[in-house]
Amino acid sequence: MTTMSACRRSVAGGDRRRQRIANGFSRAAASYDAGAQLQRAVADDLLARLPTLEGVQTLVDVGCGTGYLVSRLAEHHDGLSIGLDIAPGMLDEARRRHAGHAIQWVTGCAEALPLADGSVDLVVSSLAVQWCDSLEGFLNQAARVLRPGGWLAFTTLCEGTLEELHRAWQQVDGERHVNEFMAEARLIDTLKTPGWQWYEVAMATRRTHHATPADTLRALKRIGANTITASAAAGGGLSGRRRFAQLAQTLETWREPTGIPTRYRVATVLMQRRHLQD
Ligand SMILES: C[S@@+](CC[C@H](N)C(=O)[O-])C[C@H]1O[C@@H](n2cnc3c(N)ncnc32)[C@H](O)[C@@H]1O
C-alpha cells in the first residue's frame, strides 16, 4: 500500500473540483462532529446491516471523515483497519479523536484507491461517494481491491436530497445552486456492473430541521457539505443579501412545527465481490 495516493497526485496535477471538495471538508473538520447527527444515524444503520466481521483481516472506510465508522468497526476487529479520506484536515481530526485505536489513516481518493489488488476483505463508506466524479469509478476500485467473496457496504445520497433548498433557489433565480444527486434508477443500473455476484439496496428518506433558513445553510457549511461542484455552479455562490432574503422567504413557507425541513434520500447498499469460481 502506498500512502501518497494517485488521487492526491491528480489533485496536485490540477483537479480543481476534487481540490475544492477536499479543502471544504478539511476546513469543516473541527466542526464536523458537532453537526453530523444525520451522518451518525446513517452510519449506525449501515453498521447494523453489515455481515459478520469474522474472517475479515483488512477493512477500509472510504471517505472516513473524522473516523466514526472505522473506529466503531475497529472496536470489534483485530486485523488491519484503514480510514481513508481525500481531505487531510479530516484525517488530522480523525487521528486526534481516535488516538487510542490502531487505525491506519491514509490520504486517498475513492476513485483511485491506493491499495493493492485483492488486499481487502471489507470496504465500507458512508455518505462520501456522492462526492465522486462517478459511482462506477468507485465500484471499479472497490472490486479491484476486494478479495473474491469480500464485501462492500456503502451509503450514498440520491435525487430528492436537499430538495427544499434546490426548489427555493429555483424560485429565486431559476439556476442550480445545489449539487445534483443520482437518480435511484441510475443507482440500481450502476450496481448491475460485472464483478459483483449480488447486491441489496435499501432506500430511506431522512429529514433534519433547523430553526431558521440561515441555520439550514450554516448546518451544511459546518459539515463541509456546502461545496458546490461544477455541474451546480452555474448560478454562482450562496451570496447576496437580497437573494438570501428571497431564499429565506420561500424556505419559510415550508416551515414545520420542528423547524425548516431539509430532506435527504439515503441509499444503503450491500454488495459481494464475485467468487473466482463464479
Ligand atoms: C459527509 S462526509 C462523511 C464522513 C464520514 N464517512 C461520516 O459518515 O461521518 C464525506 C467525506 O467524504 C470525503 N470525500 C469526498 N470525496 C472523496 C473522494 N473522492 N475520495 C475519498 N474521500 C472523499 C470528504 O473529505 C468527507 O470526509
Relative contact order of the chain, defined on C-alpha pairs under 8 angstrom at six or more residues apart (%): 23
Rounded to 10°, Cα long-axis angle of helix 16-35 versus longest principal axis of the chain: 80
Fewest-first sequence of W198, W151, W131 by Cβ atoms within 10 Å of each Cβ: W198, W151, W131
GNM top mover of R242, R147, R222 - the chain, alpha-carbon springs below 10 Å: R242
From phi via Karplus (6.51, -1.76, 1.60), per-residue ³J(HN,Hα) for the range 112-117 in Hz, x at Gly/Pro: 8, 4, x, 10, 6, 4
Chain lengthening between A116 and R144 when straightened (0.36 nm per residue, less Cα-Cα): 9.3 nm
Nearest-ten-degree value, helix 213-222 long axis tilted from longest Cα axis of the chain: 30
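Restricting the count to DSSP beta bridges whose residues both fall in the chain, what percent are antiparallel, rounded to a multiple of 5?
Values: 24 of 45 bridges.
The antiparallel fraction comes to roughly 55 percent.
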Derived scalar couplings ³J(HN,Hα) [the range 242-249; Karplus, 6.51 cos²θ - 1.76 cosθ + 1.60; whole Hz; x for Gly, Pro]: 5, 4, 5, 4, 5, 4, 4, 4
Relative contact order (%) - the range 43-105, alpha-carbon pairs under 8 angstrom, separation at least six: 34
Cα-Cα P(r), the chain, percent of pairs per 5 Å interval: 1, 6, 12, 17, 19, 17, 13, 8, 5, 3, 1, 0, 0
Paired Rg and Dmax values of the range 153-256, which use every Cα atom, in angstrom: 16.1, 53
Interchain or long-range residues, amide H under 5 Å from G150's placed H: R273
Angle between the chain longest axis and helix 163-173 axis [Cα atoms, degrees, rounded to 10]: 40
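Quick check on the exposure proxy: order M203, M271, M90, M182 from fewest to most C-beta atoms within 10 angstrom.
On the way: M203 14, M271 24, M90 27, M182 20.
Least crowded to most crowded, the residues run M203, M182, M271, M90.
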S81, S71 arranged by Cβ crowding within 10 Å, fewest neighbours leading: S71, S81
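Read the figures in this text as sums done on the coordinates, not as results from a lab. Because the structure is predicted, anything quoted here is derived from the model rather than measured. All Cβ positions, even for glycine, are placed from backbone atoms using ideal geometry, and neighbour counts span all protein chains on display.
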